[in-house]
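Asks: Can you keep this structure in mind? I'll have questions shortly.
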Amino acid sequence: MGISEEQWQSPSRLPGWTRAHVATHLARNADAFTRVVSGLAEDRQVPMYDSRAERDQEIERGSERDGLALQIDLDTSAGRLHEAFNLLEALPPMTTVELAPGLEVDSGQLPTARLAEVLLHHLDLDVGFSLSDISPDAAGWLLAWVCFRLRGRSTIPAMRILSDTGLTDRIGGSGYAPTVRGSDAALAGWLSGRTGPEELRGVQNLAIPLLG
């Protein structure tokens, strides 16, 4: 990425986090997915993290490292996860796993969940990567995952999503749901709290919090 030591320790787009915090989170998230997939391969359900407190502590400690250590951690953790994802092909159909309290997914969704983490946090690094850099296929997968995460979530207003590529969904709480239209990337960026609604149609006064 060509990030200097000073830039690694400078603020990211996430409140209270430096770029080093974001990088450490991505690495530990890769290890967490590896742990989950390895457990499924042994017919065991294991949590992504032992506790939120331990996860946060690891991110804080990891954020103190230099740029070379961060990059090595990102690369090696991603490599381990890539190998672990090969195990998904042998799992029985419709194998489910709970990634977080109330967030149960099919094992086949795990690569999409990880892709969403990488794309959104790449935006959070604020190093020149933008929505326009996301390929059309990846943008569609990202939007589908974001909508999945926001279905029935009462903390955001009800709305119907209609993308230019034909993806449709109904997300948010109960009540009247206006239709919001736009490209896959623009919708995913706005719905995840990363970008504004300037490229969308039908937003009106709808407010979206940051999706972690």
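Asks: Quick check on this structure: which one of A138, A188, A100 is within 25 Å of A78 (Cβ to Cβ) and open to solvent by 30 Å² or more (accessible area, probe 1.4 Å)?
Replies: Exactly one residue qualifies, and that residue is A100.
Asks: To continue, here is another question. Is it the case that the range 84-95 has a residue that's open to solvent by less than 20 Å² (accessible area, probe 1.4 Å) and free of Cβ contacts under 8 Å to residues at least 60 places away in the same chain?
Replies: Within the range 84-95, one or more residues are open to solvent by less than 20 Å² (accessible area, probe 1.4 Å) and free of Cβ contacts under 8 Å to residues at least 60 places away in the same chain.
Asks: Sticking with this structure for a sec: Please enumerate the residues belonging to the range 153-170 that are touching a Lys or Arg at 6+ places or on another chain (Cβ under 9 Å) and touching a residue at least 12 places away in the same chain (Cβ under 8 Å).
Replies: Matches in the range 153-170: A158, M159, R160, I161, L162, S163, D164, D169, R170.
Asks: Of the residues that make up the range 156-169, is at least one modelled with pLDDT under 95, open to solvent by 40 Å² or more (accessible area, probe 1.4 Å) and out of contact with any Asp or Glu (no Cβ under 8 Å at 6 or more places or on another chain)?
Replies: The answer is yes, given that some residue of the range 156-169 is modelled with pLDDT under 95, open to solvent by 40 Å² or more (accessible area, probe 1.4 Å) and out of contact with any Asp or Glu (no Cβ under 8 Å at 6 or more places or on another chain).
Asks: Using the structure shown, decide if S63 is in contact with a helix residue (DSSP H, G or I) (Cβ under 7 Å, 6 or more places away or on another chain) and either open to solvent by less than 60 Å² (accessible area, probe 1.4 Å) or within 30 Å of S183 (Cα to Cα) (or both).
Replies: yes
Asks: Here's another thing I want to ask about it. Please note which helices (runs of 4 or more DSSP H) are completely contained in the range 2-112 and include at least 2 residues that are modelled with pLDDT of 95 or more and touching a Leu at 6+ places or on another chain (Cβ under 8 Å).
Replies: 19-41, 67-85
Asks: If we only count strands (runs of 3 or more DSSP E) wholly inside the range 133-199, which ones have 1 or more residues that are under 21 Å from A113 (Cα atoms) and among the hydroxyl-bearing types (S, T, Y)?
Replies: Counting at least 1 such residues, we get 159-163, 168-171.
The values are calculated or read from the model by the stated rules, or taken from the named source; none is laboratory data. It should be emphasised that the depicted structure is a prediction, and the values quoted were computed from it without experimental measurement. Methodologically, a virtual Cβ is constructed for each residue, glycine included, from the backbone with ideal geometry; neighbour enumeration extends over all protein chains shown. The area values use the complete protein model at the heavy-atom level, side chains included, leaving out ligands, DNA and RNA. Shrake-Rupley method; radii C 1.70, N 1.55, O 1.52, S 1.80 Å.
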